[in-house]
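I have placed the structure first, in the form of C-alpha cells, so that the comments after it can refer back to it.
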C-alpha cells in the first residue's frame with residue numbers, strides 16, 4: 001500500500017489525520033475522488049461533501065471564510081497557471097496555520113469552494129461551557145495576514161499586488177428542526193455574503209477613482225520596443241497605457257478591468273488613443289506602432305467615423321491595431337466589415353494573446369491578421385515545456401498559411417528568446433528586450 | 001529497464017508503438033482498455049505513459065487528470081498521442097498536466113525523440 005498525501009475531510013476535534021494509506025481500487029472510486037477533491041488545492045470541494053457526513057450535527061458551528069481576489073478576477077488577468085499557484089499556496093498556508101492554531105482542537109474540516117474561497121469549519125463548545133483561547137474574528141484576521149505574507153513570497157513579482165485575501169467569520173447554533181446539511185450550507189453562504197458586501201464597497205471606491213482619472217485625463221503612454229529576435233533590431237513599439245503613478249489604477253490591467261466592470265471601456269479607450277497619438281515620441285513615429293483596442297471600441301461609431309480614422313492615419317502612418325483573442329467576437333462577418341474599414345485606412349491588424357487558451361484559432365483563420373502576438377503565458381518557460389513548443393509550432397503553421405507574422409510577448413530570459421528563434425519566431429518583446437518607457441531614444445540600440 | 005505503458009483502444013496503434021520502442025530497450029505494456037489500465041498504472045507506476053485521447057469508457061484527458069491527482073503518479077510523464085491536432089487540444093493537454101503531445105499520423109523518429117526526451121527529463125530531475 002502506498003501512502004497518499006491529502007487532506008481528509010474527517011478532521012474532527014483537532015485529530016488531524018495521519019497520511020491515508022488506502023489507495024482507491026476501482027475506476028469508480030478514482031472518479032469519485034476526483035470530483036470530491038480539488039486537484040490543485042487537494043482539499044475537498046464543499047458541495048461534494050462525503051455522503052456519510054451529510055447529516056452530521058455540529059451543535060455550535062464556527063466558520064472562517066477566506067476569499068482570494070482583489071476587485072476582479074486574478075485568473076482572467078494572469079491566467080490559470082498563475083492562479084493554480086495562488087490557490088495551491090493559499091491551501092498549503094491555510095492548512096499549516098490551522099494546524100498550529102490555538103483553535104486547532106476545535107477544527108472540524110477545511111473545504112474549498114471550487115473556485116476562489118476556502119472554508120474552515122469549527123465545532124465550537126456551546127457558550128458557557130468553556131471559553132475559546134482566541135475569538136473566531138481574531139483567528140480569521142490572523143489566518144488572512146499569514147496567507148497574504150506567504151503569497152507575497154511565492155508569487156511572481158508584480159502579480160502579488162493584484163491578489164488579496166478577504167476574510168469573514170461567524171458562528172451559528174444548531175437548530176434540531178433544521179436538516180444539518182442545510183444548516184451548514186446556509187452558514188457558509190452567510191460568511192460569503194459578508195465578504196461580498198465588503199468587496200462591493202471597495203469596488204465603488206475604485207469606480208470613483210476611475211471616473212476621476214478619465215475626467216482629469218490622468219493617463220500616460222509608455223512605449224515598449226518590438227525587436228527582430230535574431231539580431232535585436234527594433235521593428236516597432238507597442239503603446240501601453242499607465243494610470244496615475246503610485247495609485248492602484250497605475251496598472252493598465254487594473255484600469256481596464258475596472259472600466260470593463262463599469263462599462264466605461266469605450267470612454268477609457270478613446271481617451272487612451274487620443275493620448276497616445278498626441279504624445280508620440282519622434283523615434284516611435286518613425287517605426288511601426290502597435291496599439292491595443294477592444295472589439296467593442298472597434299465597432300463603435302465614434303471609432304469608425306471616417307474623420308477619426310483619417311486623424312489616426314495622419315498622426316502615424318504605420319499603425320497595427322491589436323485585438324485580444326480573449327474577447328474575440330463570434331460574428332466574423334460583421335467584424336470583417338470593421339476590419340475592411342481599418343485596412344482601407346492603412347491600418348494593420350494583430351491578434352493579441354494568441355495561444356492563451358481562449359476561443360483562438362478559428363478566429364485567427366477567419367480574421368487573417370497581419371500579426372499573431374503570442375501570449376506571454378505561452379512564452380514563459382517555453383524552453384522547458386514541450387507542449388508549449390508544440391502549440392507555438394502550430395501557431396507558426398497557421399501564420400504561414402494566412403501570411404501573418406508571429407510576435408512573441410513577455411520574453412524575460414535568454415533561453416526563451418533562443419528557443420523562439422529556433423522555432424522560427426521572427427519578432428518579440430518583453431523585459432529582456434526592453435521595458436516600456438515614457439522616453440524613447442531615437443537610437444535603435446540592440447538589446448543583445 | 002524503463003517501463004512504458006501505451007493506452008490506446010486502437011490495437012494497431014499500440015502494437016506499432018510497442019514494436020517501435022521494444023528494440024530501443026524499453027519494456028512496453030499495451031493494456032487493452034483504459035479503465036483496467038488506469039488502476040494498473042497507479043498500482044505499478046511506469047516511467048512513462050503514452051495516452052490516446054478518444055477512447056471508449058474513459059477519455060485520455062480524464063485518465064491524465066486522475067493520474068495527476070494521485071501522489072504516486074503525479075510526476076509521471078504523460079505523452080498524448082492523438083488524432084486531434086488543434087491548438088485548443090494541445091492547450092487542454094497542457095492544462096491537465098500532460099508532458100508532451102504528438103498528433104497522429106506521426107513518424108517513428110518523432111515518437112522515439114519525444115519518448116527519449118521525456119525519459120531523460122525525469123532522469124535529470126531525479127538526479128538533480
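Residues in the stretch A:422-439 that are free of Cβ contacts under 8 Å to residues at least 24 places away in the same chain and within 18 Å of residue A:231 (Cβ to Cβ): A:422, A:432. For the stretch B:14-28, filtering for residues that are crowded, with 17+ Cβ neighbours inside 10 Å and not in a helix (DSSP H, G or I) leaves 2.
Figure legend. Inter-residue proximity from the stretch A:303-320: first residues more than 15 Å from residue A:338 (Cα to Cα), second residues assigned to a helix (DSSP H, G or I), beta-carbon distance below 6 Å, spacing 6+ or different chains. Indicated pairs: A:315/A:277. Scanning the stretch B:71-91 for residues that are within 25 Å of residue A:392 (Cα to Cα) and either at the interface with chain A (Cβ under 8 Å from one of its Cβ atoms) or out of contact with any strand residue (DSSP E or B) (no Cβ under 9 Å at 6 or more places or on another chain) (or both) yields B:75, B:85, B:86, B:87, B:88, B:90, B:91. Scan the stretch A:182-192 and give yes if some residue there is out of contact with any strand residue (DSSP E or B) (no Cβ under 8 Å at 6 or more places or on another chain), surrounded by 14 or more Cβ atoms within 10 Å (Cβ to Cβ), assigned by TED's automatic domain parsing to the domain that holds residue A:113 and modelled with pLDDT under 95, otherwise no. Looking through the stretch A:182-192, at least one residue is out of contact with any strand residue (DSSP E or B) (no Cβ under 8 Å at 6 or more places or on another chain), surrounded by 14 or more Cβ atoms within 10 Å (Cβ to Cβ), assigned by TED's automatic domain parsing to the domain that holds residue A:113 and modelled with pLDDT under 95. Check residue A:208 against each of (1) outside the structural domain of residue A:69 (by TED's automatic domain parsing); (2) touching a helix residue (DSSP H, G or I) at 6+ places or on another chain (Cβ under 6 Å) and name the one condition it does not meet. The one condition residue A:208 does not meet is (2). Of all residues in the stretch B:93-105, those satisfying the criterion of being under 15 Å from the mean Cα position of the chain (by Cα) and within 12 Å of another protein chain (Cβ to nearest Cβ) are B:93, B:94, B:96, B:97, B:98, B:99, B:100, B:101, B:102, B:103.
When the stretch A:64-92 is limited to residues that are away from chain B (no Cβ under 14 Å) and either modelled with pLDDT under 75 or within 9 Å of the chain's Cα centre (by Cα) (or both), the one that is surrounded by the most Cβ atoms within 10 Å (Cβ to Cβ) turns out to be A:74.
Let's see how each residue does on (1) in contact (Cβ under 8 Å) with a residue 60 or more places away in the chain; (2) under 30 Å from residue A:81 (Cβ atoms):
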position: A:180; (1), (2): yes, no
position: A:193; (1), (2): no, no
position: A:206; (1), (2): yes, yes
position: A:215; (1), (2): no, no
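When the stretch A:239-250 is filtered for residues that are buried (at least 17 other Cβ atoms within 10 Å of the Cβ) and in a loop (DSSP other than H, G, I, E, B), only A:243 remains.
Each row is one residue, and each column tells you yes or no for (1) farther than 30 Å from residue B:117 by Cα; (2) touching a residue at least 40 places away in the same chain (Cβ under 8 Å); (3) not assigned by TED's automatic domain parsing to the domain that holds residue A:292.
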| site | (1), (2), (3) |
| --- | --- |
| A:361 | no, no, no |
| A:370 | yes, yes, no |
| A:374 | no, yes, no |
| A:378 | no, no, no |
| A:392 | no, no, no |
| A:399 | no, no, no |
| A:410 | no, no, no |
| A:414 | no, no, no |
| A:420 | no, yes, no |
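When the criteria are applied in full, residue B:81 fails the requirement of being in contact (Cβ under 8 Å) with a residue 24 or more places away in the chain, part of a helix (DSSP H, G or I) and over 22 Å from residue A:31 (Cα atoms).
Name the one entry in B:112, B:43, B:35, B:68 that is more than 8 Å from every other protein chain (Cβ to nearest Cβ) and out of contact with any strand residue (DSSP E or B) (no Cβ under 7 Å at 6 or more places or on another chain). Within the list B:112, B:43, B:35, B:68, the selection yields B:112. None of B:62, B:75 is part of a helix (DSSP H, G or I) and farther than 21 Å from residue B:17 by Cα except B:62.
The values are calculated or read from the model by the stated rules, or taken from the named source; none is laboratory data. Everything numeric in this text was worked out from a predicted model, so none of it was measured. Neighbour counts are summed over all protein chains in view; Cβ atoms, including those assigned to glycine, are modelled from backbone coordinates with ideal geometry.
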